[in-house]
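Below is one structure; the comments refer to it alone.
The values are calculated or read from the model by the stated rules, or taken from the named source; none is laboratory data. Keep in mind the model is a prediction, meaning the values are calculated, not measured. Neighbour counts are summed over all protein chains in view; Cβ atoms, including those assigned to glycine, are modelled from backbone coordinates with ideal geometry. Calculation scope for accessible area: heavy atoms of the full protein, side chains included, ligands and nucleic acids excluded. Shrake-Rupley method; radii C 1.70, N 1.55, O 1.52, S 1.80 Å.
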Amino acid sequence: MNALQWVDLGERFDANLLEQAYREVYLPAFPVRDEQESPAIWTPRLLDPDPHPRLSFLVMGTQLDQPAARRVLGLLVAEYYAASRCLLVSYLAVAETARRQGLARRLFDLLATRIRSGHASAHRPVAAVLAEIHDPAQTLPGEDVLDPATRLAVMARLGARRIPVHYVQPALSTGQAPAGGLWLVAYPDLVDDPAALSVAQVRDFLIEFYRELGSARPAEDPVYAATFASVDALAAATACGAPLLVPLTDAAAA
């Protein structure tokens, strides 16, 4: 691991490296079709100097500048939503041969550096870092490339805390379906003011996110009715003193 290198394909695009990362790391980590995206979707955004949402595609490995010898060991994909000032970590994957060696932590540390420097958000403020993870209660061993308890432990070590809402991942492209069985989580340690995240901002992010993926009026869309009802319930609960963020171990036990 001492010779690790990294590149953000949004700053130095390499179509062959993108294809290798997709084939060798991304697809084995995300085998469920409704949770997959295609390089054909990412490429125009990586080539656009000012895309919306802004896409960071971090690839980590060895000898990345030598196509015949390089090994892609991990990747992290993050999208910056400017209106809500939220950064969504949409994918984090480590090659099976490189797991349990701290690579996920290195990718998150790199992301944190990129947030602090402004590179992840075109020098706009990042108020929250969010992500989706599988609900362990709805993911049986063998249905995911990682054991549900193992994935939960990894995300907890990386600082994830659950936002207790009924989260639905929108359909990622035509022909795909919305995906349930997921939690929306936040990484408060990755931003300057962890206490700044509010229920209103979560709602703003969901509206922006769902609009970007094709829903004209997300708050009135029946696909997301349970989601926004749960956001309203969370707003009422936090007004009475309930926490906005829940430790993953507590959420799993609930």
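Any idea of the accessible area per residue across the chain, 1.4 Å probe, to the nearest Å²?
Numbers: 11740 Å² over 254 residues.
Accessible surface, normalised per residue, equals 46 Å².
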Original post:
Relative to the present Cα-Cα distance, how much length would full extension add between Arg99 and Ser117 at 0.36 nm per residue of separation?
Top reply: 3.7 nm
Subject >> Translational diffusion coefficient (Stokes-Einstein; Kirkwood radius from C-alpha pairs) of segment 45-196 at 20 °C, 1.002 mPa s, in µm²/s >> reply: 129
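When a/c reaches 1.5 or more, the comparison of a/b and b/c decides; with that in mind, is segment 83-141 rounded, prolate or oblate per its Cα gyration tensor? Show your work: numbers first, answer last.
On the way: a/c = 3.60, a/b = 1.46, b/c = 2.46.
Cα axes put segment 83-141 in the oblate bin.
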Subject >> In Hz, Karplus ³J(HN,Hα) per residue of segment 151-158 (6.51, -1.76, 1.60; θ = phi - 60°; x = Gly, Pro) >> reply: 4, 4, 5, 4, 5, 5, 5, 7
**OP:** Report, in debye and to the nearest 20, how large the dipole of the chain comes out about its Cα centre when Lys and Arg carry +1 and Asp and Glu carry -1 on their Cβ.
**Re:** 520
Original post:
Taking only the alpha-carbon atoms of the chain, what semi-axes of the equivalent ellipsoid follow from 5 times the gyration tensor eigenvalues under a square root, in whole Å, largest first?
Top reply: 29, 20, 19
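Can you give the % of DSSP beta bridges in the chain that are antiparallel, to the nearest 5?
Numbers: 33 of 37 bridges.
Expressed as a percentage, antiparallel bridges in the chain total about 90.
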**OP:** Give the accessible area for His119 in Å² (nearest 10); use a 1.4 Å probe, count only protein heavy atoms, and leave out ligands, DNA and RNA.
**Re:** 80
Original post:
Using θ = phi - 60° and the Karplus form 6.51 cos²θ - 1.76 cosθ + 1.60, what ³J(HN,Hα) does each residue of segment 114-131 get, whole Hz, x for Gly and Pro?
Top reply: 5, 5, 4, 7, x, 5, 6, 9, 6, 6, 9, x, 10, 8, 7, 10, 10, 7
Original post:
With contacts defined as alpha carbon pairs under 8 Å and 6 or more residues apart, what's the relative contact order of segment 1-72 in percent?
Top reply: 48
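Evaluate E = 1/(1 + (r/R0)^6) for Arg124 and Leu213, where r is the Cβ-Cβ distance and R0 equals 30 Å; express this FRET efficiency to the nearest 0.05. Before the final figure, lay out each step's value.
On the way: r = 21 Å, r/R0 = 0.70.
Efficiency, rounded to the nearest 0.05: 0.90.
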Original post:
On the accessible surface of segment 1-102, probed at 1.4 Å, how many percent belong to carbon and sulfur atoms?
Top reply: 49
